[in-house]
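What follows is one structure encoded as structure tokens, with my remarks underneath.
Read the figures in this text as sums done on the coordinates, not as results from a lab. It should be emphasised that the depicted structure is a prediction, and the values quoted were computed from it without experimental measurement. Note that we place each Cβ from the backbone using ideal geometry, even for glycine, and neighbour counts take in every protein chain shown.
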Amino acid sequence: QSTRKPLVAGNWKMNLTHLEAIALVQKVVFSLDEKTLDQVEVVVLPPFVSLRGVQTLVDGDKLEIEYGAQDVSAHESGAYTGEVSASMLAKLGCAFVTVGHSERREYHHEDDALVNAKAKIAFAHGIIPIVCVGEGLEVREAGEHVSHVVAQVAAALEGVPAEQAKDIVIAYEPVWAIGTGKTATPEDAQEVCSAIRDQLADLYSGDLADGVRILYGGSVKPDNTAALASQPDVDGSLVGGASLDGEQFAAICKLT
Ligand code: PEP
């Protein structure tokens, strides 16, 4: 774990206007100390319309945080009304994009093939995909969570070469823990994150798997961060609700 720099990403979902977004980024940065910024990669994921404002703020004030988008089109450009392309995100300085968030899979019917296409187009434009995987409650109760999640990882990486896959970030987010206040136990998170790493080793190599950041997501808060982050295969978190509070988000970064 020592060679992997932990990463904490705040998924703001569909919250905050572009003005509120700027205020929140300022609050987050104000609440972070130098040591945390040295040790943890801090990323915010605002809605599309706030990215330009966040870019101006981060560039103008040379802030030591990164930002990205919550989704990307699988198409390069053209007649896809309402979609936003990877080249547009790259031009806005997005370093990351989440793909396959469970809310996209559930409400927008995104399947593994689309998640794979989105991951590929992000890489093609120099943006690191944060690929979200995770099982629903029924799968967990049937005891099939590990096989379900590792299959999602393999599908997301289908045809992705090692030169790109080495930079991927995977977020393990059990669907039953997102926005519900139910957190997986640190042992639950470790079990699946370690299985994801084994899967990466099988698909590519042990060396590649050792370098990939695997995050946990699902009701992460300051009071459960340290126990989750201390697990050997958990390299940070994808934070939803608590990322909308600058002080809480900064506290999660510090405790990681
Ligand atoms: C998420 O949106 O990825 C998430 C984990 O949300 P929450 O932290 O609110 O459960």
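Report yes if residue 209 is surrounded by fewer than 19 Cβ atoms within 10 Å (Cβ to Cβ) and more than 16 Å from the ligand (Cβ to nearest atom), otherwise no.
On the way: surrounded by fewer than 19 Cβ atoms within 10 Å (Cβ to Cβ): no; more than 16 Å from the ligand (Cβ to nearest atom): yes.
No.
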Checked against (1) within 16 Å of the ligand (Cβ to nearest atom); (2) free of Cβ contacts under 8 Å to residues at least 40 places away in the same chain; (3) more than 17 Å from the chain's Cα centre (by Cα), residue 136 satisfies every condition except (2)
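Restricting attention to region 121-142, which residues are assigned to a helix (DSSP H, G or I) and of a type in the set (A, V, I, L, M, F, W, C)? Step through it out loud before you land on a result.
Step one: of region 121-142, the residues assigned to a helix (DSSP H, G or I) are 121-124, 137-141.
The answer is 121, 122, 123, 124, 137, 139.
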Has region 220-233 got any residue that is near the ligand (Cβ under 10 Å from one of its atoms) and over 12 Å from residue 183 (Cβ atoms)? no
Take the conditions small (Gly, Ala, Ser), under 16 Å from residue 244 (Cα atoms) and not in a loop (DSSP other than H, G, I, E, B) and apply them to residue 50. Does it pass? yes
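For region 106-133, which positions are within 13 Å of the ligand (Cβ to nearest atom) and either in contact (Cβ under 8 Å) with a residue 24 or more places away in the chain or over 27 Å from residue 188 (Cα atoms) (or both)? Can you show your working first?
In the first step, residues of region 106-133 are kept if they are within 13 Å of the ligand (Cβ to nearest atom); the result is 106-107, 130-133.
Passing the criteria: 106, 130, 131, 132, 133.
From the residues in region 216-238 that are outside any helix (DSSP H, G or I) and among the hydrophobic types (A, V, I, L, M, F, W, C), which one is nearest to the chain's Cα centre (by Cα)?
From region 216-238, those outside any helix (DSSP H, G or I) are 216-221, 230-238; that's our starting set.
Going one step further and asking which of them are among the hydrophobic types (A, V, I, L, M, F, W, C), we end up with 220, 234, 238.
Numbers: 220: 13, 234: 13, 238: 5 Å.
The qualifying residue nearest to the chain's Cα centre (by Cα) is 238.
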Selection from region 239-254 of residues away from the ligand (no atom under 11 Å from the Cβ) and either within 16 Å of the chain's Cα centre (by Cα) or crowded, with 21+ Cβ neighbours inside 10 Å (or both) yields 250, 253
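Table: residues versus (1) surrounded by 20 or more Cβ atoms within 10 Å (Cβ to Cβ); (2) within 16 Å of the ligand (Cβ to nearest atom); (3) within 19 Å of the chain's Cα centre (by Cα); (4) outside any helix (DSSP H, G or I).
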residue	(1), (2), (3), (4)
171	yes, yes, yes, yes
184	yes, yes, yes, yes
188	no, yes, yes, no
199	yes, no, yes, no
